[in-house]
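Participant: There's a structure below that I have some questions on.
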Amino acid sequence: MINYTVEFVELKSGKKPFFEFLKKLRDDDVVKIFARIDFFISKKNSNEQISDKLSKYLKNGIFEIKCELSDKSIRVLYFYIDGAKMVITHGFIKKSNKTDPKEIEKAINLKNQYEEER
């Protein structure tokens, strides 16, 4: 059995883009987002099938976790390293049907920075 873990991108400045995003949200929304991430990890650790309604592949090794809140749709972007380590790049409020390509590019850039600094 694989044991998936979670890590967060941290920039050289010490800032963590995901946590910067969370600071803009209500506390109850933050709790729901972490619950969704925990639910996703528990499904991965028990080797259950992951629905596209929970998470899906975007491009260049970037995936998204979908969090539907009462008044907004949140996306948490991430990638994998070392097989079972999930690294969260950042989050954003989704404003249209398609994931904004700028957000995907931001995740790719954060992934590249993370990999260079390892």
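The values are calculated or read from the model by the stated rules, or taken from the named source; none is laboratory data. Note that the coordinates shown come from a computational prediction; the quantities given were computed from them, not determined experimentally. Virtual Cβ from ideal backbone geometry, glycine too; neighbours counted across all protein chains shown.
Participant: For the stretch 36-62, enumerate the residues that are more than 19 Å from Asn3 (Cβ to Cβ) and not hydrophobic (A, V, I, L, M, F, W, C).
Facilitator: Arg36, Ser51, Asp52, Lys53, Lys56, Tyr57, Lys59, Asn60, Gly61, listed by residue number.
Participant: Any chance you could count how many residues in the stretch 1-23 are surrounded by 11 or more Cβ atoms within 10 Å (Cβ to Cβ) and either at pLDDT 95 or above or within 15 Å of the chain's Cα centre (by Cα) (or both)?
Facilitator: 14
Participant: Of all residues in the stretch 79-101 being free of Cβ contacts under 8 Å to residues at least 24 places away in the same chain and touching a strand residue (DSSP E or B) at 6+ places or on another chain (Cβ under 8 Å), which is nearest to Lys24 (Cα to Cα)? Reasoning before the result, please.
Facilitator: Here is the first cut: in the stretch 79-101, the residues free of Cβ contacts under 8 Å to residues at least 24 places away in the same chain are 80, 82, 93-98, 100-101.
Checking the rest, the ones that are also touching a strand residue (DSSP E or B) at 6+ places or on another chain (Cβ under 8 Å) come to 80, 93-94, 100.
Numbers: Tyr80: 26, Ile93: 11, Lys94: 14, Asp100: 19 Å.
My answer is Ile93.
Participant: If you don't mind, another one. State yes or no: is Lys59 more than 18 Å from Leu11 (Cβ to Cβ), surrounded by 12 or more Cβ atoms within 10 Å (Cβ to Cβ), of a type outside the set (A, V, I, L, M, F, W, C) and at pLDDT below 95? Explain how you work it out, then say what you get.
Facilitator: On the way: more than 18 Å from Leu11 (Cβ to Cβ): yes; surrounded by 12 or more Cβ atoms within 10 Å (Cβ to Cβ): yes; of a type outside the set (A, V, I, L, M, F, W, C): yes; at pLDDT below 95: no.
Judged against the criteria, Lys59 is not a match.
Participant: In the list Thr89, Thr99, which residue meets the criterion of being assigned to a strand (DSSP E or B) and among the polar types (S, T, N, Q)? Lay out the reasoning, then the answer.
Facilitator: Values: Thr99 fails: assigned to a strand (DSSP E or B).
Selected residue: Thr89, the only one of Thr89, Thr99 that is assigned to a strand (DSSP E or B) and among the polar types (S, T, N, Q).
Participant: Still on this structure, I have one more. Mind listing whichever residues of the stretch 66-86 are part of a loop (DSSP other than H, G, I, E, B) and either of a type in the set (Gly, Ala, Ser) or within 18 Å of Leu22 (Cβ to Cβ) (or both)?
Facilitator: First pass over the stretch 66-86, keeping only residues part of a loop (DSSP other than H, G, I, E, B): 69-72, 82-84.
If the condition is that a residue be part of a loop (DSSP other than H, G, I, E, B) and either of a type in the set (Gly, Ala, Ser) or within 18 Å of Leu22 (Cβ to Cβ) (or both), then Leu69, Ser70, Asp71, Lys72, Gly83, Ala84 are the ones that fit.
Participant: Among the residues of the stretch 1-55, what is the count of those that are over 19 Å from Thr99 (Cβ atoms), touching a residue at least 24 places away in the same chain (Cβ under 8 Å) and of a type in the set (Lys, Arg)?
Facilitator: Of the residues in that region, 3 qualify.
Participant: Tell me which residues, restricted to the stretch 84-118, are surrounded by fewer than 11 Cβ atoms within 10 Å (Cβ to Cβ) and closer than 15 Å to Val9 by Cβ.
Facilitator: Glu116, Glu117, Arg118
Participant: Considering the stretch 69-88 alone, what residues qualify as being more than 14 Å from the chain's Cα centre (by Cα) and of a type in the set (D, E, K, R)?
Facilitator: Hits for the stretch 69-88 are Asp71, Lys72, Asp82.
Participant: Would you check if there is a residue in the stretch 102-112 being assigned to a strand (DSSP E or B) and charged (D, E, K, R)?
Facilitator: Our first condition is that a residue be assigned to a strand (DSSP E or B); within the stretch 102-112, this holds for none.
There is no residue in the stretch 102-112 that is assigned to a strand (DSSP E or B) and charged (D, E, K, R).
Participant: Which residue, of Ile81, Ile65, Ile33, Ile74, is over 16 Å from Val6 (Cα atoms) and surrounded by 14 or more Cβ atoms within 10 Å (Cβ to Cβ)? Outline the logic, then answer.
Facilitator: Working: Ile81 fails: over 16 Å from Val6 (Cα atoms); Ile65 fails: over 16 Å from Val6 (Cα atoms); Ile33 fails: over 16 Å from Val6 (Cα atoms).
Result: Ile74 is the single residue among Ile81, Ile65, Ile33, Ile74 that is over 16 Å from Val6 (Cα atoms) and surrounded by 14 or more Cβ atoms within 10 Å (Cβ to Cβ).
Participant: Residue under question is Lys43, and the condition is that it be in a helix (DSSP H, G or I) and either of a type in the set (Asp, Glu) or surrounded by 11 or more Cβ atoms within 10 Å (Cβ to Cβ) (or both); does it hold? Reasoning before the result, please.
Facilitator: Details: in a helix (DSSP H, G or I): yes; either of a type in the set (Asp, Glu) or surrounded by 11 or more Cβ atoms within 10 Å (Cβ to Cβ) (or both): yes.
Taking the combined requirement at face value, the residue satisfies it.
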